[in-house]
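Data block below; observations after.
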Amino acid sequence: MGRFLLRRLVTSVVVLAGLAVVTFLMTQVLPGDPARAAAGRNATAEQVAEVRVRLGLDQSLPDQFTGYLGRLLHGDLGTSVFTQRPVLDDVAAMLPASVELVLAAMAINIAVAVPLGVYAAYRRGRAADVAARLITLLGAAVPVFWLGLMLQLVFAAQLRLLPLTGQLAFGQEVPKITGMISLDALLSGNWAAFGDALLHLVLPAVTLAAAFVAVVARTVRSSVITTLDSDYITLARSTGASELRVVVRHGLRNALVPASTILGMQLGWMLGSTVLVEAIFGRTGIGAYAVTAVLQNDLYAVIGTVLVIGVVFVVMNVLVDLVQLWLNPRLRQAGSRERRPEIAVRA
Amino acid sequence: MTRRIMAVDRIALAVAALMVALAVVGPLLAPHDPYAVDLADALQGPSAAHWFGTDVNGRDVLSRILYGAQVTLPATVIVIAAATLIGTLVGTVAALGGKALDEVLMRITDIGLSLPSIILALGLAAALGSGLRSAVVALALTWWPGYARLVRTLVREVKDAEYVDAARTLGVSRARLVFRHILPNALNSLYVQTTLDVSAVMLVISGLSFVGVGAQVPSAEWGAMIAAAANNLTNGWWAVAFPGLAIMLTAVAFNLVGDWLRVRNDPTIREGVR
């Protein structure tokens, strides 16, 4: 087990180093003068020259990379041309709103996908199963940004049930504690603001969750089916255990291992998908930040976001492996071979 | 039940074929010029003259969707073809090239798999400059690691099979062994995955265009059309709704075809489990 953990950590460090190389190359392929790009469009010749020296662009490529790596390790992701602030500060300010959205989407994902998968497995081949298959089919095919717009059209613009955009109604205020508005409202005991923040979360969270529900429901369904077909379920049934107990206790329990792997990985994917969702709903998270940065040719801000999401993703993968070890004792004895299922579905 | 699913598969094949056909002959069917601006006719709802209405510039939405198929589908196919090529190469070399090479290539693959492709593609596209071509290159460069993993696994499964051993014993050359005996059998499962990926790649391409990194504004690319129409969501919903439905219908069709191929290809998948 110790060897397995060590190997995972080494792999993660290698991946992070690779990420540094990839992002460094991104700064190199940019057409034109990287010093001018980093200094901004309106910079004077002296400012460009100063940036060139500061970023070490007058040095050889390996030296430049060493410098880049050193700056990364010190948390220096460069300065955003657009906001004129250090990229790390920008990202740190934006991350809580994205984490809040991802957690809300994950809650919806689990609440919908797990029961759907179990029920579809239990009613295999019947109308409910066909309906579940249809839902997962559409979920895997819907463009998230389009779904967001359609939900806005129906639930905000037409029915006026939910707010169109934003994170909090005008006039509501919460102190900044974690940066997640709903949590901050809760912590400060402001129930009106808490309810309002949750209402603002519904549409973006549903939009973000939609594509992920399909994958989880499918996984849960097929592992529950496999379990329900096994001998010990027949045995459990013959002892007179109730259907609910058989399906939920035995069926669901066995689905937990594959489901938790996928759910854990999905946290990282969801953070990536915020680029398609946040801007539509006027949320100030890192997804919206990345999109603005791309459109402003703010390369260091883009790269900073890529790096931060990459780090979160790598950490999530290590955590997923730890949870796997905890849920599945058999893995603890196994050697260091790879055992995570190949996840074919990408978002 | 079985019959019902088979009917679904047949419809899916038909829709997928129809979408591919539309990508080829779509412009011939388009009732209007997809780029003709007619401000007097702007934001007209669906009618007999304009089945899917007109957008903010008075352009016919149906015609633009028909032309758009010629942008989105070929871009998707190019991404998948390039990613398959790179992935097959890397995966095969990793599986057959010895332990050290395998380790290096798989760690590089890990890096690619360590990020959501939309994020990596966004970063690359930003570095390469906006435009559909950048988006396609960026996506191909981020999409291959999944195939490399898959091909490596498949080749490793096949390379020690008895018939390969037999061929090796008979003195078949290494290149022939790889190209005639190992790869064809290993790649049998790859095309199922590539079919299933059509919808995923299409969604990312349209997503990149939607946020402004892929196809640019006047283009009839479906994601870019939705982005351009989003500002007039409430008074021109049709210009948002129909391109999205086109994406969704195509994605559903290709997913169903991929599913059908998967079940057909794998006799161990029991009826109803898929």
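Assorted remarks:
- Over chain B: helical MRE at 222 nm, DSSP H runs n ≥ 4 each giving -39500 (n - 2.57), nearest 500: -23500 deg cm²/dmol
- Compared with the dominant principal axis of the Cα atoms in chain A, helix A:2-29 is inclined by about 40°.
- Interchain or long-range residues, amide H under 5 Å from A:Thr79's placed H: A:Val87
- The string of couplings for segment B:248-259 from the Karplus curve (6.51, -1.76, 1.60, θ = phi - 60°) is 5, 4, 5, 5, 4, 4, 5, 5, 5, 5, x, 4 Hz, one whole number per residue in order, with x for Gly and Pro.
- For segment B:2-273, the residue among B:Ala166, B:His181, B:Ala75 whose Cα projects farthest onto the positive side of the dipole built from Cβ charges is B:Ala166.
- Note that segment A:127-141 has calculated 3J(HN,Hα) couplings of 4, 4, 5, 4, 4, 5, 5, 4, 4, 5, 4, 5, x, 7, 10 Hz, one per residue in order, obtained from phi through the Karplus relation 6.51 cos²θ - 1.76 cosθ + 1.60 (θ = phi - 60°); glycine and proline are x.
- On Cα atoms only, tilt of A:286-295 relative to the major axis of chain A in degrees: 40 degrees
- Note, ³J(HN,Hα) from phi for segment B:24-39, Karplus 6.51, -1.76, 1.60, rounded to Hz, x at Gly and Pro: 7, 9, x, x, 5, 8, 4, x, 10, 6, x, 10, 6, 7, 9, 5
- Between the residues A:Phe65, B:Ser219, A:Val320, the greatest Cα displacement towards the positive end of the dipole of the protein assembly as shown, with unit charges on the Cβ of Lys, Arg, Asp and Glu, is found for A:Val320.
- Shape of the protein assembly as shown from the C-alpha gyration tensor: rounded (a/c under 1.5, with a ≥ b ≥ c the square roots of its eigenvalues).
- At R0 = 41 Å, FRET efficiency that the Cβ-Cβ distance of B:Thr169 and B:Val104 yields, to 0.05: 0.85
- Residues whose placed amide H lies under 5 Å from that of B:Val56, excluding near-sequence neighbours: B:Leu43
- Of the residues B:Ser63, B:Ser206, the one with the fewest other Cβ atoms within 10 Å heads the list, and the complete ranking is B:Ser63, B:Ser206.
- When +1 charges are put on Lys and Arg Cβ atoms and -1 charges on Asp and Glu Cβ atoms, the dipole computed for segment B:3-114 relative to its Cα centre reaches about 480 debye.
- The ranking of A:Met265, A:Met316 from fewest to most other beta carbons within 10 Å of each one's beta carbon is A:Met316, A:Met265.
- Two-site label geometry, B:Ala40 and B:Val217: point separation in nm, points 7 Å out along Cα→Cβ: 2.4 nm
- Remark: chain B carries a charge dipole of roughly 880 debye about the Cα centre, counting +1 on each Lys and Arg Cβ and -1 on each Asp and Glu Cβ.
- Rounded, prolate or oblate (a/c below 1.5 giving rounded, otherwise prolate when a/b exceeds b/c) for chain A by Cα gyration tensor: oblate
- Loop-located trypsin sites (Lys or Arg not before Pro) in segment A:35-101 whose Cβ has at most 14 other Cβ within 10 Å (DSSP): A:Arg41
- Top positive-direction residue, dipole computed over chain A with Cβ charges, set A:Thr239, A:Asn254, A:Val15: A:Thr239
- Placing +1 on the Cβ of every Lys and Arg and -1 on the Cβ of every Asp and Glu, with no other charges, gives the protein assembly as shown a dipole of roughly 2200 debye about its Cα centre.
- Angle in degrees between helix B:61-96 and the longest Cα principal axis of chain B, rounded to the nearest 10: 10 degrees
- Here B:Asp110, B:Asp259 are placed in order of increasing Cβ neighbour count within 10 Å, fewest first, which gives B:Asp110, B:Asp259.
Read the figures in this text as sums done on the coordinates, not as results from a lab. What you see is a predicted model, and the numbers here were worked out from it, not measured in a lab. Using ideal geometry, Cβ is built from the backbone for each residue, glycine included, and neighbour counts are taken over all protein chains shown.
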